[in-house]
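Before any comments, here is the structure.
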Amino acid sequence: MTAMERGYDEELTQSGSKQELEQIEIELLLSGVHRLYGYDFRNYAMPSLKRRIWHHVHAENVPSISALQEKVLHDRACFERFVYSLSIPVTEMFRDPGLFLTFRQKVIPLLRTYPYIRIWHAGCSTGEEVYSMAILLHEEGLYDKARIYATDMNERSLQQAKEGVYEIGKMKQYTKNYMEAGGTRAFSEYYTAKYNSVILQPYLRKNIIFAEHNLATDTSFNEFNVIFCRNVMIYFNDELRDHVHGLFYESLSRFGVLVLGSKESIHFTRYSDSYEPLDRVEKIYRKNN
């Protein structure tokens, strides 16, 4: 073996050892968070999880994942920042307007036949999608007989959702989304501007229940006619994704509707035969029985 070949082998060994050490550090961090705080990230998809952990290492100005673990386990505020960074609060009002337009056209007629409507927004983030649903139901004359359950594992996101206060600079995009989603009024009717923020009208909150819920560890808590869970499970591995689909199946009423994100599907799960598509493009499915 030449000196060059020996050097290359040594580099591979060092690289392999570094990756193994990184994996051990991540496993210890996630295990510690689960045991101490009850938050379970161990079945999140590793590539995106690893990127976010390293991002948080740099954000906390610590030299390693092990150092982050020590800080997270001894500093509650650091832990809360860590959870916030992993929960990926990315949303907007009437996000993917085509979905909400299709919901108006294909799901609302079904909901009109129910005496009472229960909707669960799982992983509701900061609430924009939840209020979008409240507006849609209000315009369709169904809000008074509806209850919307909005859950997330992130306490900070939930608090913002409860307040219903958002940046005024986002209203132009939200108005555009609303109109494309089949909105029937002036979107400005639904909020009051104050300085650099807007406050959504209080009546939109009256039938919304906000609560902490962790899809990885918590169980079903009610029966629902509709479940929204959009662009959440893309961050889960196959085991956790199957677990969550089981939770949704148990939680849906007979012929209940499941709405997934654009990058998600019911296919390739053990529940794929338990639903029929109401709209394949917008990922809206109806439970078979």
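When the range 151-174 is limited to residues that are of a type in the set (Lys, Arg) and over 18 Å from ASP40 (Cα atoms), the one that is surrounded by the fewest Cβ atoms within 10 Å (Cβ to Cβ) turns out to be LYS172.
Can you find, within the range 180-237, the residue that is surrounded by the most Cβ atoms within 10 Å (Cβ to Cβ) among those that are of a type in the set (D, E, K, R) and in contact (Cβ under 8 Å) with a residue 60 or more places away in the chain? Per the criteria, the residue is ARG230. Within the bounds of the range 121-144, is there any residue that is in contact with a Gly (Cβ under 8 Å, 6 or more places away or on another chain) and either more than 24 Å from LYS283 (Cα to Cα) or open to solvent by 10 Å² or more (accessible area, probe 1.4 Å) (or both)? There is at least one residue in the range 121-144 that is in contact with a Gly (Cβ under 8 Å, 6 or more places away or on another chain) and either more than 24 Å from LYS283 (Cα to Cα) or open to solvent by 10 Å² or more (accessible area, probe 1.4 Å) (or both). Of the listed requirements (1) in contact (Cβ under 8 Å) with a residue 60 or more places away in the chain; (2) touching an Asp or Glu at 6+ places or on another chain (Cβ under 8 Å), THR91 misses just one: (1). For the range 248-264, the count of residues that are polar (S, T, N, Q), in a strand (DSSP E or B), surrounded by 19 or more Cβ atoms within 10 Å (Cβ to Cβ) and out of contact with any Cys (no Cβ under 8 Å at 6 or more places or on another chain) is zero. Note on the range 12-31: residues that are modelled with pLDDT of 90 or more, surrounded by 15 or more Cβ atoms within 10 Å (Cβ to Cβ) and not aliphatic (A, V, I, L, M) total 1. If you go through the range 83-98 one residue at a time, do you hit one that is farther than 30 Å from ASP40 by Cα and in contact with a helix residue (DSSP H, G or I) (Cβ under 7 Å, 6 or more places away or on another chain)? Looking through the range 83-98, at least one residue is farther than 30 Å from ASP40 by Cα and in contact with a helix residue (DSSP H, G or I) (Cβ under 7 Å, 6 or more places away or on another chain). Residues in the range 126-153 that are in contact with a strand residue (DSSP E or B) (Cβ under 6 Å, 6 or more places away or on another chain) and of a type in the set (Gly, Ala, Ser): ALA146, ALA150. Listed by position, the helices (runs of 4 or more DSSP H) contained in the range 72-117 that have at least 3 residues being among the charged types (D, E, K, R) are 76-86. Give the residues of the range 204-224 that are under 15 Å from ALA161 (Cβ atoms) and in contact with a helix residue (DSSP H, G or I) (Cβ under 9 Å, 6 or more places away or on another chain), sorted by residue number. Matches in the range 204-224: LEU204, ARG205, LYS206, ASN207, ILE208, PHE210, ALA211, GLU212.
The values are calculated or read from the model by the stated rules, or taken from the named source; none is laboratory data. As the structure is a prediction and not an experimental result, all values here were calculated from the model. Neighbour counts run over all protein chains shown; Cβ positions are idealised from the backbone, glycine included. Remember, those area values only see protein heavy atoms, side chains included, never the ligands or the DNA or RNA. Shrake-Rupley method; radii C 1.70, N 1.55, O 1.52, S 1.80 Å.
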